[in-house]
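Some notes on the structure that comes next.
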Amino acid sequence: MSLPPYGSATFIEPTDPSFTPAKKLKFCKVCGDRAKSYHFGGLSCDSCKAFFRRSVQSAGYKNFQCPYRRTCEITISSRKCCQFCRFQKCVAIGMEKGWVMTEEERLHVLRIRMAKRQEEEEKKIHRRQKIRRENHHADLNEIHKFLTEDDIQCIESIMNSYEVSCLTIAFSSSLCSQHCDRGRTEIIDMFFTVIKQLAHFAQQLRSFAVIPRHDQEILLRSGVMELCFLRSAYVFDE
C-alpha cells in the first residue's frame, strides 16, 4: 500500500458502524487540570471542586486575601498559592455557593443513596432466588422436551438396576430401625452394606461388566465417595 505524497493527506471518515470517536477531553476552567464533569455549576477538576466546597462550608472564603493585586494566574502548579484568586475564578466560571451542601446534608444524601443501593441489591438477589426456585420445579410431564426416548430408557434401566441391588443386598433389621444413637459397629456395618450394594449395582451395568476385574476394583475404590454422594442424593426424598 502506497502513502499519499507529503502535504496531500486527507482525513477519511470511518465507514465501520462500530467505530466510535474518542471522548473529547475536558479541562478545569479554573486551573486547567483534567476535569470529569461540572461541579456546583462549573466545569472543574476534583481539586478545585473540593477547594470550593471546603471554602463555602467553613465560610473561609470570606477571609481570603490576595497578597498581590488580585490578578494571580491560577494554574495546576500555582492553584494553592492564592486562595482568594482561586475562589474568585471558581465563581467566575459559574460555581454557585448556594449549591454546596453542609456536611450534615451531604451525609444525609449519602445515607439515602446507600440505602437505595442496598434495597436494589436485595431486590436483585430476591429476583435471582425466585428464578432459581421456578427453574428447579421439575415437571415429569415435560421430560420429553429435554431427553430422548433412549435417554429415558437408559435412566430407568440404571434406576431399576440400583433398586434390584438394594433388595438383593439389604440392610440388617437393626439398621432399618429409625433411631439416631448408633454404635460404631452399626455405622461401619451400614457403610460396608452400601459399598456392597454399589459394587453389585456396578456389575449390573453391561459397560462396567466388560471391563477387566482388576480395572473394576480400581474404579470402585477410586469412585466410592462419588457413588456415596449420588446415593445420598437419590434417597434424599425417601
Pairs over 30 Å Cα to Cα, from Lys36/Lys89; Lys123/Lys145; Lys49/Lys116, come to Lys123/Lys145
Between Gln57 and Arg117, the FRET efficiency computed from the C-beta separation at R0 = 25 Å comes out, to the nearest 0.05, as 0.50
Taking a crude spin-label model, label points 7 Å out from Cα along the C-beta direction, the His200 to Ser172 distance in nm is 1.6 nm
Taking 0.36 nm per residue of separation between Arg132 and Arg221 and subtracting their Cα-Cα distance, the length gained on full extension comes to 28.5 nm
To the nearest 0.05, the calculated FRET efficiency linking Tyr234 and His214 through their beta-carbon distance, R0 being 41 Å, is 0.90
Going residue by residue through region 86-101, the Karplus relation 6.51 cos²θ - 1.76 cosθ + 1.60 with θ = phi - 60° gives ³J(HN,Hα) values, rounded to whole Hz and with x marking Gly or Pro, of 5, 5, 5, 6, 4, 5, 5, 8, x, 6, 9, 5, x, 8, 7, 7
Counted neighbours (other Cβ, 10 Å), sorted fewest up, put His200, His39 in the order His200, His39
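Read-outs: derived from the displayed coordinates by stated rules, not from any lab. None of the values given here were measured: they were computed from a predicted structure. For neighbour counting, all protein chains shown are included, and Cβ atoms are generated from backbone atoms with ideal geometry for every residue, glycine included.
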